[in-house]
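One structure below.
The values are calculated or read from the model by the stated rules, or taken from the named source; none is laboratory data. For clarity, every value in this text was computed on a predicted model and none was experimentally measured. Cβ sites come from the backbone with ideal geometry, for glycine too, and all protein chains shown count toward neighbours. Accessible surface is based on the protein model in full, side chains and every heavy atom, while ligands, DNA and RNA are left aside. Shrake-Rupley method; radii C 1.70, N 1.55, O 1.52, S 1.80 Å.
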Amino acid sequence: MTTARTPSDQQARDLISSNGLGATLFVEAGAGTGKTTQLVDRIVNTVVDNDVPLSDIAAITFTEAAAAELQTRIRVSFERRIVGDGSTSVTAVERARCEQAVADADSAAISTVHGFASRLLNEFSVAASLPPRVTVLDEVSSQLAHERRWDRFVDRLHDRPEHEELLYRAALMDIPLTPAYSGQASFKDVAANFAQNWDRLDGIADATATELADIDFSPFDTAVSSLREVLGECSDVEDALHVHITGKCLPTMSRIVATPDDHAKLRLLSKKLRSATNREIWKKGGNIGKKASWQRGAKEIRSMISGVNQAAMEVVDAASATVVDRLMRLTAGEVLDAARARRSDGGLEFHDLLVLARTMLRQKPEVRRALHERYRHILLDEFQDTDPIQIEVASLIAATPADEQPRRWQDHPVSDGRLFFVGDPKQSIYRFRRADIELFLEARDAFGASNGPVTLNTNFRTVRPIIEWVNGVFSDAMPDEIPGAQPAYVPLEAWRKPSASDHRPAVFGGAHADPKVKAGELR
């Protein structure tokens with residue numbers, strides 16, 4: 001008689017699916033460890049064993065496909081419970097709970113975080129200061145709307161006399177509002193980035209800051225004057241460094257200094273800097289110049305040429321920074337106006353959903369109480385790709401109701417069992433959506449401390465030789481946790497054993513176990 005194998009992490013699996021249903025758990029699940037199965041089992045057992053309706057559970061995952069799969073697997077699991085597998089009996093009470101869960105499956109809060117936020121805003125549209133009907137723009141519609149708004153914004157800038165000097169300087173220094181050719185960076189890209197982060201713009205937007213100070217050319221003019229004066233200290237006018245300064249440096253330097261119009265002067269300096277390698281407009285001439293020919297030594301004189309270059313960069317950088325700052329503030333104001341307009345007409349983008357749901361939960365205690373009573377359990381899947389807004393929305397709902405909640409989600413008073421997290425920090429790839437490994441580690445420390453770390457490390461997907469190779473590589477690459485930056489690697493244990501007849505592929509060019517296996521057979 002063969003004894004059934006048991007995964008080494010079975011205790012953790014039992015804690016997730018049955019023994020710890022009333023506990024807040026933070027689960028780190030490595031690749032291929034069956035975390036979706038454990039998530040489904042936890043939800044089903046919470047309904048059947050703890051008499052929690054499926055409508056009182058929110059399960060939030062990352063993609064639409066993952067949410068659809070999760071919803072299907074939950075429904076199928078309840079249907080199998082109803083039918084039974086012959087090994088266990090199902091009581092009439094348990095069957096009734098499963099039948100109700102199947103009926104609730106289509107309307108249950110099993111969705112992406114954006115879908116969940118949209119659900120909250122549609123239900124509490126008045127509290128969120130939204131129209132009665134909220135629609136969500138898809139990516140194509142959002143992009144087209146941004147294109148139209150940006151074109152109108154640029155037209156308004158050019159129509160207003162107070163922006164004339166700003167736009168003129170931007171043109172002189174080739175700071176484009178709209179790209180002149182495909183791939184060129186411009187302020188249109190800045191606007192797109194701002195639109196994905198508009199909730200962070202309140203301290204930046206300032207549409208009234210349009211006045212520009214006069215351009216200060218004094219650092220450059222002074223540096224050129226000092227270089228011209230030092231020529232009198234040279235005892236040999238035929239010295240190579242003297243010839244280099246008088247023939248190749250001072251003519252263009254002096255012409256720029258003497259340019260009376262500030263705009264033309266800025267244009268000359270800016271153009272010189274853009275065309276020069278490493279922004280070195282006037283070359284130092286290598287090691288030319290005899291030390292004996294110069295009272296200060298040739299090395300110091302060459303450094304004065306570098307000083308002129310540096311002064312030129314300071315002038316252009318300062319002028320550019322002022323223009324960029326003004327344009328940035330105007331752009332931020334436009335992006336915030338667009339967000340307010342979307343809120344007014346109810347046509348929201350994905351990021352609007354998260355921000356407005358969080359704002360509503362922060363400001364409306366009656367909404368927090370209603371949602372706290374409804375959603376007794378909130379489960380967050382793929383938590384390594386969670387952004388700060390998502391965790392705050394979840395913790396505001398899960399927290400014990402109060403008129404005021406702490407500003408930081410780490411300080412919310414969440415009762416045990418209200419939250420469940422599962423993810424793999426080694427698979428975090430969505431930093432551009434504000435997902436941050438530091439957030440993952442902070443949430444682990446805040447919500448996973450009371451019941452200790454829960455780890456799934458039995459891999460059911462991959463055969464042992466590959467798992468051993470992966471463990472060897474990543475144990476060396478990620479041996480220890482770096483606070484706020486990197487988790488420690490947890491070695492996986494292979495459940496599958498390779499068959500003697502397997503044609504196992506080589507890993508990253510490594511030698512194959514059987515050199516006689518042909519490429520076609522291997523594929």
By accessible area with a 1.4 Å probe, ligands and nucleic acids excluded, highest first: order of T33, T252: T252, T33
Cross-link table K265/K299; K248/K284; K248/K283; K426/K497; K272/K299, entries beyond 19 Å C-alpha to C-alpha: K265/K299; K426/K497; K272/K299
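Please compute the length gained on full extension between R95 and T400, using 0.36 nm multiplied by the number of residues separating them and subtracting their Cα-Cα distance.
Numbers: separation 305, 0.36 × 305 = 109.80 nm, distance 3.20 nm.
Result: 106.6 nm gained on full extension.
Taking only protein heavy atoms and a 1.4 Å probe, what accessible area per residue, in Å², does the chain have with all protein chains in place?
I get 51 Å² per residue for this part.
Longest span of the chain, sites excluded, free of chymotrypsin sites (Phe, Trp or Tyr not before Pro) in DSSP loop with at most 16 other C-beta atoms within 10 Å?
Working: sites that count: Y181, Y430, F508.
For chymotrypsin sites (Phe, Trp or Tyr not before Pro) (loop position, at most 16 other Cβ atoms within 10 Å), the longest site-free span of the chain is 182-429.
Can you give the longest stretch of the chain with no exposed loop site, where a site means GluC sites (Glu not before Pro) in a DSSP loop (not H, G, I, E or B) with at most 11 other C-beta atoms within 10 Å?
Numbers: sites that count: E211, E238, E404.
Of all site-free stretches, the longest is 1-210.
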Angstrom value of the Kirkwood radius, inverse mean 1/r, which spans all Cα pairs in region 6-134: 16.1 Å
MRE, 222 nm, helices only [DSSP H, n ≥ 4, -39500 (n - 2.57), over the chain, to nearest 500]: -15500 deg cm²/dmol
Rounded percent of accessible protein surface that carbon and sulfur make up, region 129-278, 1.4 Å probe: 51 percent
In range of the label at S415: residues from region 26-54 whose backbone nitrogen is under 14 Å from the point 7 Å along Cα→Cβ: 52
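Compute and list, largest first, the equivalent-ellipsoid semi-axes of the chain from the alpha carbon gyration tensor, each √(5λ) rounded to a whole angstrom.
Working: eigenvalues 746, 238, 78 Å².
Here the semi-axes work out to 61, 34, 20 Å.
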